[in-house]
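Some notes on the structure that comes next.
The values are calculated or read from the model by the stated rules, or taken from the named source; none is laboratory data. Here the structure is a predicted model, which means the values were calculated and not measured. Here Cβ is always computed from backbone atoms with ideal geometry, including for glycine, and neighbour counts include all displayed protein chains. Side chains are part of the model used for accessible areas, which takes the heavy atoms of the whole protein and leaves out ligands, DNA and RNA. Shrake-Rupley method; radii C 1.70, N 1.55, O 1.52, S 1.80 Å.
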Amino acid sequence: QVQLVESGGGLVQPGGSVRLSCAASGNVFSISGMGWFRQAPGKQRELVASIIRAGRMNYADAVKGRSTISMDNAKNTVTLQLNSLKPEDGAVYYCIAYNRFGDDYWGQGTQVTVSS
């Protein structure tokens with residue numbers, strides 16, 4: 001089992017930035033990749049960005065060019081920096097960790113609200 005604890009989020013003005021962090025504990029040696037999903041009210045949960053331990057990253061088109069995902073393999077943390085925030089970026093952001101066996105683990109979620 002892997003436990004995930006997210007931090008960051010909150011109320012951000014349009015055009016601002018947010019930094020989300022997620023720390024994994026438990027069976028961290030099984031983790032092959034981590035990432036972030038988000039879910040806005042009335043919408044499906046969608047991938048924001050993901051990264052594998054080898055460093056390859058994947059970004060959703062909606063955030064490409066204004067976001068950076070990074071992973072600290074030693075600390076088993078993943079960080080998402082999202083810039084130039086738009087109202088449509090407002091959502092609950094969920095951290096995910098997964099292994100090569102098809103198991104995935106989710107955090108509790110952290111709210112990001114983009115509003116002036």
Residue that is farthest from the chain's Cα centre (by Cα), among those in the stretch 1-10 that are surrounded by 15 or more Cβ atoms within 10 Å (Cβ to Cβ) and not acidic (Asp, Glu): VAL2
Conditions: (1) crowded, with 16+ Cβ neighbours inside 10 Å; (2) more than 11 Å from the chain's Cα centre (by Cα). PHE29 meets all but one. Number of the miss? (1)
Restricting the search to the stretch 66-97, which residues are within 17 Å of ASN27 (Cβ to Cβ), hydrophobic (A, V, I, L, M, F, W, C) and assigned to a loop (DSSP other than H, G, I, E, B)? ALA74
Of the conditions (1) assigned to a strand (DSSP E or B); (2) of a type in the set (A, V, I, L, M); (3) crowded, with 19+ Cβ neighbours inside 10 Å, the single one that VAL63 does not satisfy is (1)
Could you grab me the full set of residues in the stretch 25-76 that are hydrophobic (A, V, I, L, M, F, W, C), in contact with a strand residue (DSSP E or B) (Cβ under 6 Å, 6 or more places away or on another chain) and either at pLDDT below 95 or within 22 Å of ARG100 (Cβ to Cβ) (or both)? ILE31, MET34, TRP36, PHE37, LEU47, VAL48, ALA49, ILE51, ILE52, MET57, ILE69, MET71
Tell me which residues, restricted to the stretch 98-111, are part of a strand (DSSP E or B) and out of contact with any Asp or Glu (no Cβ under 7 Å at 6 or more places or on another chain). ASN99, ASP104, TYR105, TRP106, GLN111
Answer with yes or no whether ALA40 is without any contact (Cβ under 8 Å) to a residue 60 or more places away in the chain, in contact with a Pro (Cβ under 9 Å, 6 or more places away or on another chain) and surrounded by 12 or more Cβ atoms within 10 Å (Cβ to Cβ). no
Selection from the stretch 11-25 of residues that are open to solvent by 50 Å² or more (accessible area, probe 1.4 Å) and either within 15 Å of MET71 (Cβ to Cβ) or assigned to a strand (DSSP E or B) (or both): LEU11, ARG19, SER25
Which one of the conditions (1) open to solvent by 30 Å² or more (accessible area, probe 1.4 Å); (2) of a type outside the set (A, V, I, L, M); (3) at pLDDT 95 or above does ASP89 fail to meet, given that it meets all the rest? (1)
